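A.B. asks: Structure in structure tokens, see below.
The values are calculated or read from the model by the stated rules, or taken from the named source; none is laboratory data. Computed from a predicted model, the values in this text were never measured in an experiment. Because the Cβ atoms are built from the backbone with ideal geometry, glycine has one as well, and the counts that use them run over all protein chains shown.
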Amino acid sequence: MNVIDSIVTQAASIAAVRRDIHAHPELCFEEVRTADVVAQKLTEWGIPIHRGLGKTGVVGIVKGRDGGASGRAIGLRADMDALPMQEFNTFAHASKHQGKMHACGHDGHVAMLLAAAQHFAKHRNFDGTVYLIFQPAEEGGGGARVMIEDGLFEQFPMEAVYGMHNWPGLPVGTFAVSPGPVMASTSEFKITLRGKGGHAALPHTGIDPVPIACGMVQSFQTIISRNKKPVDAGVISVTMIHAGEATNVVPDSVELQGTVRTFTVEVLDLIEKRMRQIAEHTCAAHDATCEFEFVRNYPPTINSPAEAEFARKVMATIVGEERVLPQEPTMGAEDFAYMLQAKPGAYCFIANGDGAHREMGHGGGPCMLHNPSYDFNDDLIPLGATYWVKLAEAWLAQPTAAA
């Protein structure tokens with residue numbers, strides 16, 4: 001692998017920062033300590049910072065050897081927040097906060113961008129500006145959207161923006177990137193069916209919402225199998241059904257909740273429309289009523305083709321063509337999607353390995369994201385930072401018309 005020697009030299013100190021952040025996880029929009037650590041490091045290296053976008057966001061501004069006179073600029077983004085879950089690991093840097101854990105590797109994302117920042121500050125081997133975006137609240141808070149609403153792209157105009165996420169299961173030393181949709185939209189629904197309760201021995205005297213709900217859940221799957229094109233991906237998952245309090249009482253109501261995932265807005269529009277129709281008409285057919293709520297959260301993450309190809313070529317110079325894989329789309333969601341709606345760019349995966357870096361005791365294997373035994377692989381820090389550096393340098397070296 002063609003990693004930058006000076007980044008390798010500093011990797012252990014950056015890994016110590018990563019482990020400190022891991023031990024002190026903070027949830028979305030609460031990343032005060034994490035932002036302080038980031039700001040302190042950037043300031044220590046002579047990088048001007050701006051704080052407060054998205055409440056706890058930090059933006060580092062690195063001017064190139066021309067002092068930024070070219071007007072060219074690129075954005076590199078890392079997310080900072082943790083998850084509301086209990087950690088099972090017992091190593092020294094395990095979470096010190098009950099019910100909070102860096103189970104998605106955002107601590108590692110911060111570390112990789114910090115390592116790149118340290119190199120940028122010393123070498124500045126580019127003309128223009130690199131904006132280092134340390135973003136809060138990816139895990140459900142929509143921190144990317146909030147930073148944009150607070151003026152991210154107006155205050156820091158950039159031609160393109162790039163993001164990166166660690167991906168367990170792939171061997172360390174590989175990347176994955178592709179054009180088009182790579183992560184899904186996420187939406188939530190809540191349907192309250194209202195019937196007429198009564199004695200379970202006398203069902204004919206009421207309107208039982210339970211069988212109505214069961215039929216509704218089954219019918220939703222016909223949207224996936226019979227309403228949308230088979231080649232268009234979509235998932236409807238009813239994940240919660242709440243009804244009743246006693247075995248001999250027909251309940252007045254049933255509540256269904258769940259999630260919808262798609263790679264296109266068109267399929268999302270279709271699913272929401274058909275779910276509403278099925279819910280309302282199914283209830284009407286049984287003399288029941290319903291309240292239908294559908295909330296759209298993150299849009300699909302869609303890589304622009306030119307920027308994805310540019311990233312692929314940079315990765316190939318680091319690890320070789322054969323270790324840059326097509327990015328298999330996942331139905332997980334990511335709020336970097338908002339940035340890609342506003343700017344060209346690409347979101348890639350960097351392999352987190354087979355799990356051998358973890359403390360054993362909770363089973364072998366790669367230990368997927370959002371798992372209580374997860375830990376970021378510190379071996380990625382030099383590789384991820386090298387990608388950020390080479391990506392920014394190559395992007396800013398392009399002729400203006402090609403950007």
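A.B. asks: Could you tell me whether the stretch 182-204 includes any residue that is without any contact (Cβ under 8 Å) to a residue 24 or more places away in the chain and not assigned by TED's automatic domain parsing to the domain that holds Ile318?
C.D. replies: yes
A.B. asks: In the stretch 217-243, which residues are in contact (Cβ under 8 Å) with a residue 60 or more places away in the chain and in contact with a strand residue (DSSP E or B) (Cβ under 6 Å, 6 or more places away or on another chain)?
C.D. replies: Result: Val235, single match.
A.B. asks: Moving to a separate point now. Within the stretch 254-264, work out how many residues are touching a Lys or Arg at 6+ places or on another chain (Cβ under 8 Å) and crowded, with 19+ Cβ neighbours inside 10 Å.
C.D. replies: Qualifying residue count for the region: 1.
A.B. asks: Counting only residues that are buried (at least 20 other Cβ atoms within 10 Å of the Cβ) and touching a helix residue (DSSP H, G or I) at 6+ places or on another chain (Cβ under 8 Å), which one in the stretch 193-208 is farthest from Asn248 (Cα to Cα)?
C.D. replies: The qualifying residue farthest from Asn248 (Cα to Cα) is Leu193.
A.B. asks: Tell me which strands (runs of 3 or more DSSP E) are completely within the stretch 108-189 and hold 1 or more residues being more than 19 Å from the chain's Cα centre (by Cα), or say none if there are none.
C.D. replies: Strands (runs of 3 or more DSSP E) meeting the threshold: 129-135.
A.B. asks: Can you tell me which of (1) more than 29 Å from Phe153 (Cα to Cα); (2) surrounded by fewer than 19 Cβ atoms within 10 Å (Cβ to Cβ); (3) modelled with pLDDT of 95 or more is the one Ala356 doesn't meet?
C.D. replies: Only one criterion in (1) more than 29 Å from Phe153 (Cα to Cα); (2) surrounded by fewer than 19 Cβ atoms within 10 Å (Cβ to Cβ); (3) modelled with pLDDT of 95 or more is unmet by Ala356, namely (3).
A.B. asks: Give the residue, chosen from Ala285, Ala243, that is more than 23 Å from Ala337 (Cβ to Cβ) and exposed (fewer than 15 other Cβ atoms within 10 Å of the Cβ).
C.D. replies: From the options Ala285, Ala243, the qualifying one is Ala285.
A.B. asks: Identify the residue in the stretch 359-403 that is charged (D, E, K, R) and more than 22 Å from the chain's Cα centre (by Cα) and, among all such residues, is modelled with the lowest pLDDT.
C.D. replies: Filtering first and then ranking leaves Glu359.
A.B. asks: Consider Phe153 carefully, then state whether it is farther than 27 Å from Glu309 by Cβ, surrounded by fewer than 17 Cβ atoms within 10 Å (Cβ to Cβ) and among the aromatic types (Phe, Trp, Tyr).
C.D. replies: Against the criterion (farther than 27 Å from Glu309 by Cβ, surrounded by fewer than 17 Cβ atoms within 10 Å (Cβ to Cβ) and among the aromatic types (Phe, Trp, Tyr)), Phe153 does not qualify.
A.B. asks: Within the stretch 343-351, identify whether any single residue is closer than 22 Å to Pro157 by Cα, aliphatic (A, V, I, L, M) and part of a helix (DSSP H, G or I), and answer yes or no.
C.D. replies: No: zero hits.
A.B. asks: Which members of the stretch 266-298 meet the condition of being in contact with a Leu (Cβ under 9 Å, 6 or more places away or on another chain) and either acidic (Asp, Glu) or part of a strand (DSSP E or B) (or both)?
C.D. replies: Thr289, Cys290, Glu291, Arg296
A.B. asks: Another one. Do any residues in the stretch 25-46 that are surrounded by fewer than 23 Cβ atoms within 10 Å (Cβ to Cβ) have Cβ atoms under 8 Å from those of residues that are among the aromatic types (Phe, Trp, Tyr) and in a helix (DSSP H, G or I), where the two are at least six apart or on different chains, and which pairs are they?
C.D. replies: none
A.B. asks: Asp5: of a type outside the set (A, V, I, L, M), at pLDDT 95 or above, surrounded by fewer than 19 Cβ atoms within 10 Å (Cβ to Cβ) and over 15 Å from Ala385 (Cβ atoms), yes or no?
C.D. replies: no
A.B. asks: If the requirement is being in contact with a helix residue (DSSP H, G or I) (Cβ under 9 Å, 6 or more places away or on another chain) and either touching a residue at least 12 places away in the same chain (Cβ under 8 Å) or not assigned by TED's automatic domain parsing to the domain that holds Gly384 (or both), which of these qualifies: Lys96, Lys63, Lys100?
C.D. replies: Lys96
A.B. asks: Need the failing condition index for Val267 against (1) surrounded by 16 or more Cβ atoms within 10 Å (Cβ to Cβ); (2) modelled with pLDDT under 95, just the number.
C.D. replies: Unmet condition: (2).
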